[in-house]
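One structure below.
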Amino acid sequence: MSDSAAYAVVVSEPLDDQALEFLAGRADVVRTTPEDVLEVIGRADGLCVRTYTRVDGALLDAAPRLKVVGRAGVALDNIDVPACRQRGVEVVHTPEANTLAVVDYTMAAILRMNRRFWPMTGHMSDEVFHATRKQAFGRFCADATLGIVGAGRIGSRVGRAAVGLGMTVLYNDILEIDLDYPARAVDKPTLYAQSDIVTIHVPLTDLTRRMIDAEALAQFKAGSQFINAARGPCVDYAALGEALRSGRLSAATVDCHDPEPPPPDYPLFGLDNVVLTPHTAARVPQAMANMCMVVRDIVAVLEGREPKYPAQEGAF
């Protein structure tokens, strides 16, 4: 962009080439890092972040020209949205970009925990081959009940996929949701007590922070399983670790942690009945590219147009 660019947009975390090309054709792009963003934010009309740039009162006070903050992703945990709104700064994000990727991850977690496939990576003797083949490989998914906490974009699609596998689906949401497949709305205690697998798909709010704690886990069906591909702080991991060690829960799959990265004394490390992944549920190339295109809404706001995906009340 030439020196006469109408807008300056600070990009503090990586974007893909297509998104950067789109943005550079419409604004002066200023590249920086989360650690150095305060050094350049004073000239910014727009700011594009991902996970590790904190947009708080201190940053906003240093950004008198700022009109819009774009989050290349879904969660708004690192953005003080009310503080932005108080200063007339719009916040936009990409709530639909990674939906199918997280649905895929969740269903893969269900299958992995319940079928426990053992890959044959080399030659087996006749004895080992037949002995391995005769071992139980887990539970048939059609016999299981899946409990979904949060039946929005992702949770509702997880439910549809689960019904396709023959699973019984229970769900809980703070809103009245009419699903177009067989599923039953229940309160959380009922969901916890009756589900063989509980998966959460909720934003991080005052209501969901530490939602899965010792009290909640005590209500889970004995031997049930748990999946978190939503937000790390929604779970008390010390309590989850204890539930897994005691056998109250038989298995868990956790993609979102608190803090990130987890410290060496993380309560879930060293357990053989938990699968941990480093916040990768959405890491599918097309989903990542879709998230980066938050730049379209950043430009829309700067040009005085309505964004497609402004932050909604309850999403932060």
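FYI, it's all coordinate maths here, none of it is from the lab. Bear in mind that the values here come from a model prediction, so they are computed numbers and not experimental data. FYI the Cβ positions are ideal-geometry reconstructions off the backbone, even for glycines, and counts take in every protein chain you see.
Key figures
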{"item": "Full-extension gain in nm, ASP56 to ARG85, via 0.36 nm per residue minus C-alpha separation", "result": "9.3 nm"}
{"item": "At R0 = 25 Å, FRET efficiency that the Cβ-Cβ distance of GLU215 and ARG153 yields, to 0.05", "result": "0.35"}
{"item": "Scattering curve values for the stretch 175-316, log₁₀ I(q)/I(0), Debye with Cα scatterers, q = 0.10, 0.17, 0.18, 0.20 Å⁻¹", "result": "-0.44, -1.04, -1.11, -1.25"}
{"item": "Cross-link reach list, lysines versus LYS67, counting only Cα pairs under 19 Å and skipping chain neighbours closer than eight places", "result": "LYS308"}
{"item": "Cβ-defined net charge surrounding ALA281, 12 Å radius [Lys, Arg +1; Asp, Glu -1]", "result": "0"}
{"item": "Gaussian network model of the chain, springs between alpha carbon atoms under 10 Å - residue of THR106, THR168, THR199 with greatest fluctuation", "result": "THR168"}
{"item": "222 nm mean residue ellipticity, helices alone, for the chain (DSSP H n ≥ 4; -39,500 (n - 2.57); rounded to 500)", "result": "-8000 deg cm²/dmol"}
{"item": "Contour minus Cα-Cα distance for ARG184 and ARG115 (0.36 nm per residue)", "result": "22.3 nm"}
{"item": "Calculated from backbone phi, Karplus (6.51, -1.76, 1.60) coupling profile of the stretch 273-290 in Hz, x at Gly/Pro", "result": "10, 9, 9, 10, 10, x, 6, 10, 4, 8, 7, 10, x, 5, 5, 5, 5, 4"}
{"item": "Calculated P(r) of the stretch 1-83 - Cα pairs past 20 Å, %", "result": "26"}
{"item": "Cα convex hull of the stretch 26-142, projected area averaged across orientations, nm²", "result": "12.5"}
{"item": "Extent along principal axes [Cα atoms of the stretch 132-203; Å; largest to smallest]", "result": "47, 24, 21"}
{"item": "Separation between Cα centres of the stretch 245-302 and the stretch 196-223, rounded to whole Å", "result": "16"}
{"item": "Top of GLY138, GLY122, GLY147 by mean-square fluctuation, Gaussian network on the chain, Cα under 10 Å", "result": "GLY122"}
{"item": "Environment charge of ASN78, counting only residues whose C-beta is closer than 13 Å and scoring Lys/Arg +1, Asp/Glu -1", "result": "-1"}
{"item": "Cα-based equivalent ellipsoid, the chain: semi-axes from gyration tensor eigenvalues, Å", "result": "41, 21, 19"}
{"item": "Reduced Cα scattering model of the stretch 99-276, Debye log10 I(q)/I(0), q = 0.11, 0.20 Å⁻¹", "result": "-0.47, -1.40"}
{"item": "Straight-distance crosslink candidates among lysines, where the alpha carbon sits under 29 Å from LYS221 and sequence neighbours closer than 8 are dropped", "result": "LYS134, LYS188"}
{"item": "Most fluctuating residue given options TYR171, TYR52, TYR105, as computed from a GNM of the chain linking Cα atoms under 10 Å", "result": "TYR52"}
{"item": "With Cα atoms, 0 to 90° folded angle of helix 99-115 axis to the chain main axis", "result": "20"}
{"item": "Stretchable slack from GLN135 to ARG305, in nm (0.36 nm times residue separation minus alpha-carbon distance)", "result": "55.1 nm"}
{"item": "Distance between the stretch 1-77 and the stretch 91-131 - C-alpha centres, whole angstrom", "result": "36"}
